[in-house]
1. Grab the beta carbon distance between Val35 and Ile103, set R0 = 35 Å, and tell me the FRET efficiency rounded to 0.05.
2. Considering only DSSP beta bridges whose two residues both sit in segment 199-280, what percent are antiparallel, to the nearest 5?
3. Taking loop as defined by DSSP and a crowding limit of 13 other beta carbons within 10 Å, which GluC sites (Glu not before Pro) in segment 1-110 fit?
4. Around Ala352, which amide H atoms from residues at least 5 apart in sequence, or from another chain, sit under 5 Å from its own amide H, with H modelled in the peptide plane?
5. Efficiency by 1/(1 + (r/R0)^6): what FRET value for Val78 and Glu53, r their Cβ-Cβ distance, R0 = 30 Å, to the nearest 0.05?
6. If each residue of separation counts as 0.36 nm, what is the full-extension length gain between Glu90 and Leu146 once their alpha-carbon separation is subtracted?
7. If you take every DSSP beta bridge whose two residues both sit in segment 186-336, what share of them, in percent to the nearest 5, is antiparallel?
8. So who's got an amide H within less than 5 Å of the one on Glu270, skipping anything under 5 residues away but keeping other chains? H placed 1.01 Å off N, in plane.
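The values are calculated or read from the model by the stated rules, or taken from the named source; none is laboratory data. Just so it is clear, the model here is predicted, and its values are computed rather than measured. Note that we place each Cβ from the backbone using ideal geometry, even for glycine, and neighbour counts take in every protein chain shown. Please note that ligands, DNA and RNA were not included when accessible areas were found on the heavy atoms of the full protein model with its side chains. Shrake-Rupley method; radii C 1.70, N 1.55, O 1.52, S 1.80 Å.
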Amino acid sequence: MNTAQAWLSALAVGLVFMAGLLAGTEAALARVSRVTVEEIVRDGRRGAGRLAEVVADPARYVNMVLLLRIACELVATVIVADLCISWLDETWRAYVTAAAIMIVISYVVVGVAPRTLGIQHADRIALAGAAVIHPVTRVFGPLPRLLIALGNALTPGKGFREGPFASEAELRDLVDLAEQRSLIEPVEREMIHSVFELGDTLVREVMVPRTDIVFVERGKTLRQAMSLALRSGFSRIPVVGENEDDVVGIAYLKDVVRRSQEHREGESVETVDSVMRPATYVPDSKPIDELLREMQARRTHLAVVIDEYGGTAGLVTIEDILEEIVGEITDEYDRETPPVTWLPDGAARVTARLPVEDLAELFDVEVDVEEVETVGGLLAHALGRVPIEGSTAEIGSGGGDPVLSLKAEAVEGRRNRVGTVLVRRLGATAADAPDTEGSGQAR
């Protein structure tokens, strides 16, 4: 080995060492929290100011770290390949040896060891790394951003303005790793993932559809509005004018009750539009994380969702958004009921989610309705409106005379949807009830 080769070997070792330090710095910057940085600044530790600037604009500095690390590894690989060619001649053995050496060194010295240290001693390594990367970033200026712009221009689709290196996927992986190591519970991991997905979820995906909304006409009296609210179980009901696309306000049950108590003589005369509140309208394409912030700022609990044609698409509440994070919200009135329960008088109590095909098979009839799939939808189709407790309709078999009577029973869930439907064959008696061997349960 001559002097030149010795210097090249020393340079390759130095570049690999530098790449390892940069890898450790990258891991430390991803691990250190803003709270830790604030504590370091309050303690007055050396370099705390530079670290605070780096954490305040992480994409700029992390991209610079990545650029320098890649440059060090590639230059070291070229040097090692040149040395192997000099020692082994320009044969396949030289290339294989150079590749094997750099793969092992890069994996151990750059990939594993420094990243482990960066995670274990995030604050100290982040401080040391910030002292180097902060001035280097100032020297190189906009070079990383220019390279990111070039990469985005060559990449199909929309790129990332700050680069893809500090991605949401990495944060998700950290959450999964924390759950695997029992640092957080599985439920907490699911909630964190749900928070990430809020920005990608649109209002139309969580809203209560128009077909499930209970409306009240603006000309209805306070007594009628109170009766509708008590029967449906909703404390906030949209008020419509000419049709369901003309939502003019929101009637709150407490406002109706207060007005009725203050002016009892006007309970059957005064209309609901005298106590309704202004409605909030949002497009169905709005991300729900933005809507949640707006509803918190405006102190609004409910918003009317408008489609691209200006019509009423649905309704969304804060609970609908929270359910995307914490899951279905139920209360003490919710009970799990069997799909079908036969009653002594020959009627059957079925869940509103029971498929129409199962209902037809249950009573040996033909239900010729293609627009709906569930018993609850069948009842709503027959009524022509959203069913509430006590709603009754009759359906025919194959387009003939009515053969089944459907009656909405108790509502369930936070949205007060019909939970069970009482189905009775018209003209049936208790003797027509199927034998359930005293269990009351469908076979």
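1. 0.35
2. 80
3. Taking segment 1-110 and a limit of 13 other Cβ atoms within 10 Å, the loop GluC sites (Glu not before Pro) found are Glu90.
4. The list, which skips near neighbours in sequence, is Thr420, Val421.
5. 0.35
6. Extending this stretch completely gives an extra 16.5 nm.
7. If we restrict to bridges inside segment 186-336, about 75 percent are antiparallel.
8. Leu222
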